[in-house]
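Take a look at the structure below.
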Amino acid sequence: MSARIALYWAPELDDPLHQLGSAWLGRDAETGATLPQPEVAGLDLAEITAEARGYGLHATLKAPFRFDAPYAEVRAACMALAARTRGFELPPLAPVDLGGFIALRETLPSVVLNGFADACVGELDRFRLPPTEAEYARRRPERLTPRQREMLDAWGYHYVFEEWMFHVTLSRRVSEAERATLMPAIEAHFAPALVRPRFVRALCLFTQAAPGAPFLVAERLPLLG
């Protein structure tokens, strides 16, 4: 009951974004290997990326959840969703300031991408165990809008459906001074990957064996629709 599963988008292994993003965070979520991080003058990148490193390079489709069914059953439902979903083009990505966090976001809206995330949330929710009191409190419900609080109560996570935003987190919340140094470093580090077009071809299942353990890619389920 302590293990968690998450439905994520992650770049393909031959995508430069996989190598560059894993190096930036200091860990490859595919292999679990620890990686040397680039130097950023005057900043401790290992500390700035510590939380993101535990989750691995990804964009959330359905947030991590504990489940009350055999893993094989949850996996089968994910496979069924992937089997009827057609692959699609991902809009170009660019680094942005997202409420103080630096993340890669799509530069153009995508109805297909949003629909994919909606399906992941809605179709897999029957397996989700309700959050514990501690898990619920970590979402800081007192700071949420009424609509976000409604989403949290209904779906166990507040950034879903119209509140959802595709983003690949690259830092903790940073100060203005840190951002002034980090943003050009990120732009330079990720430049070879950001100019490349990419296609979403798989639904990635990430798993966490126990609280505090790092998330790892369990499977990449091909989109076959």
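The values are calculated or read from the model by the stated rules, or taken from the named source; none is laboratory data. Since this is a predicted model, take the numbers as computed values, not measurements. Here the Cβ is made from the backbone with ideal geometry for all residues, glycine too, and neighbour counts use every protein chain on show.
For the stretch 196-225, the tally of residues that are modelled with pLDDT of 95 or more and closer than 21 Å to ALA77 by Cβ stands at 20. I'd like to check something: does the stretch 64-73 contain any residue that is in contact with a Gly (Cβ under 6 Å, 6 or more places away or on another chain), more than 19 Å from ARG220 (Cβ to Cβ) and not aromatic (Phe, Trp, Tyr)? The answer is no, given that none of the residues of the stretch 64-73 is in contact with a Gly (Cβ under 6 Å, 6 or more places away or on another chain), more than 19 Å from ARG220 (Cβ to Cβ) and not aromatic (Phe, Trp, Tyr).
Find the strands (runs of 3 or more DSSP E) located wholly in the stretch 169-225 whose residues include 2 or more that are of a type in the set (S, T, N, Q) and either under 30 Å from GLY87 (Cβ atoms) or touching a strand residue (DSSP E or B) at 6+ places or on another chain (Cβ under 7 Å) (or both), and list them.
So the answer is 202-208.
Of the residues making up the stretch 159-218, just one is aromatic (Phe, Trp, Tyr) and over 21 Å from GLU106 (Cβ atoms), namely PHE215. Screening ALA63, ALA23 for residues that are out of contact with any His (no Cβ under 7 Å at 6 or more places or on another chain), farther than 30 Å from ARG126 by Cβ and of a type outside the set (D, E, K, R) leaves exactly one candidate, ALA23. Of the residues in the stretch 96-131, how many are farther than 22 Å from ARG75 by Cα and surrounded by 11 or more Cβ atoms within 10 Å (Cβ to Cβ)? Residues meeting the conditions: 13.
Any residue in the stretch 33-46 that is within 18 Å of the chain's Cα centre (by Cα), closer than 20 Å to ARG179 by Cβ and either free of Cβ contacts under 8 Å to residues at least 40 places away in the same chain or not in a loop (DSSP other than H, G, I, E, B) (or both)?
Within the stretch 33-46, not a single residue is within 18 Å of the chain's Cα centre (by Cα), closer than 20 Å to ARG179 by Cβ and either free of Cβ contacts under 8 Å to residues at least 40 places away in the same chain or not in a loop (DSSP other than H, G, I, E, B) (or both).
Candidates in the stretch 1-28 are the residues that are among the hydrophobic types (A, V, I, L, M, F, W, C) and out of contact with any helix residue (DSSP H, G or I) (no Cβ under 7 Å at 6 or more places or on another chain); of these, the one that is surrounded by the most Cβ atoms within 10 Å (Cβ to Cβ) is ALA10. Surrounded by fewer than 16 Cβ atoms within 10 Å (Cβ to Cβ), charged (D, E, K, R) and within 30 Å of GLU178 (Cα to Cα) - does that describe any residue in the stretch 51-58? Within the stretch 51-58, one or more residues are surrounded by fewer than 16 Cβ atoms within 10 Å (Cβ to Cβ), charged (D, E, K, R) and within 30 Å of GLU178 (Cα to Cα).
If you go through the stretch 59-95 and keep only what is among the hydroxyl-bearing types (Ser, Thr, Tyr) and surrounded by 21 or more Cβ atoms within 10 Å (Cβ to Cβ), you end up with THR60, THR85.
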